[in-house]
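The values are calculated or read from the model by the stated rules, or taken from the named source; none is laboratory data. Everything numeric in this text was worked out from a predicted model, so none of it was measured. Neighbour counts are summed over all protein chains in view; Cβ atoms, including those assigned to glycine, are modelled from backbone coordinates with ideal geometry.
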Amino acid sequence: MLRSMKLKIVAIAMVAILMTFFAQGTLAFYSTVGKATNVVTSGEIQFIIHETTEQGTAFPSEGVYIVPGDVVSKEVTIENTCTHPFYLRVKVVYGVNAQELSAEDCFKLNIDAEHWEFHEGWYYYKSILTPGETTPCVFSHVEIVGDKVDNRYIGKTLSLTVSAHAVQSEHNPITDGKTYTASGWPME
């Protein structure tokens, strides 16, 4: 009888252990944590700044020799090379031997005011630049201001650097047709 009692206790203990095991499995099943990762890929905006002469050749990377009063052909356009339309802005930075100058000091540009609007240091393209499209020239000539380029600049290198920023135009409304009101323009 003692033996049968021990067997009952062992059997009950085994049943209790098995029930605990199955209960834990069930509990684990109902408390499983799921995780979903959603990947959203945004489109890339890509463009090329073209600098050519009026003859259509690339503007020399080593620059050109100038004298006061010269008018140098430099046609600057931007081409949309991606699959998304965007708003565009261009900044022109003038310098001499790594020192920044104001535009009036040395250069005069013939900015295309029909297609470009100046606002807070930038020239904003007034339209959306669609994929594969190239802007009209931001400017096509640079005049070396004769009465400003004097003996102080002999032997110095004058520079004119063009930089550009673009932001998506899709789902990015503007106010009063002013592209500079678009959201997302990067800080300088």
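In the range 140-188, which residue that is small (G, A, S) and free of Cβ contacts under 8 Å to residues at least 60 places away in the same chain is surrounded by the fewest Cβ atoms within 10 Å (Cβ to Cβ)?
Among those residues, the one meeting the criterion is G155.
What's the number of the only condition in (1) under 25 Å from V64 (Cα atoms); (2) surrounded by 15 or more Cβ atoms within 10 Å (Cβ to Cβ); (3) in contact with a Pro (Cβ under 9 Å, 6 or more places away or on another chain); (4) touching a residue at least 60 places away in the same chain (Cβ under 8 Å) that C137 fails to meet?
Among (1) under 25 Å from V64 (Cα atoms); (2) surrounded by 15 or more Cβ atoms within 10 Å (Cβ to Cβ); (3) in contact with a Pro (Cβ under 9 Å, 6 or more places away or on another chain); (4) touching a residue at least 60 places away in the same chain (Cβ under 8 Å), the lone unmet condition for C137 is (3).
Out of V145, V162, V138, V167, I need the residue that is of a type in the set (V, I, T) and touching a Cys at 6+ places or on another chain (Cβ under 7 Å). Which one? Break it down stepwise before answering.
On the way: V162 fails: touching a Cys at 6+ places or on another chain (Cβ under 7 Å); V138 fails: touching a Cys at 6+ places or on another chain (Cβ under 7 Å); V167 fails: touching a Cys at 6+ places or on another chain (Cβ under 7 Å).
Testing whether each residue is of a type in the set (V, I, T) and touching a Cys at 6+ places or on another chain (Cβ under 7 Å) leaves just V145.
Does Y94 satisfy the criteria of being among the aromatic types (F, W, Y) and at pLDDT below 80? Let's see the steps before the verdict.
Numbers: among the aromatic types (F, W, Y): yes; at pLDDT below 80: no.
No.
Is it true that W122 is farther than 30 Å from P68 by Cβ and not polar (S, T, N, Q)?
No.
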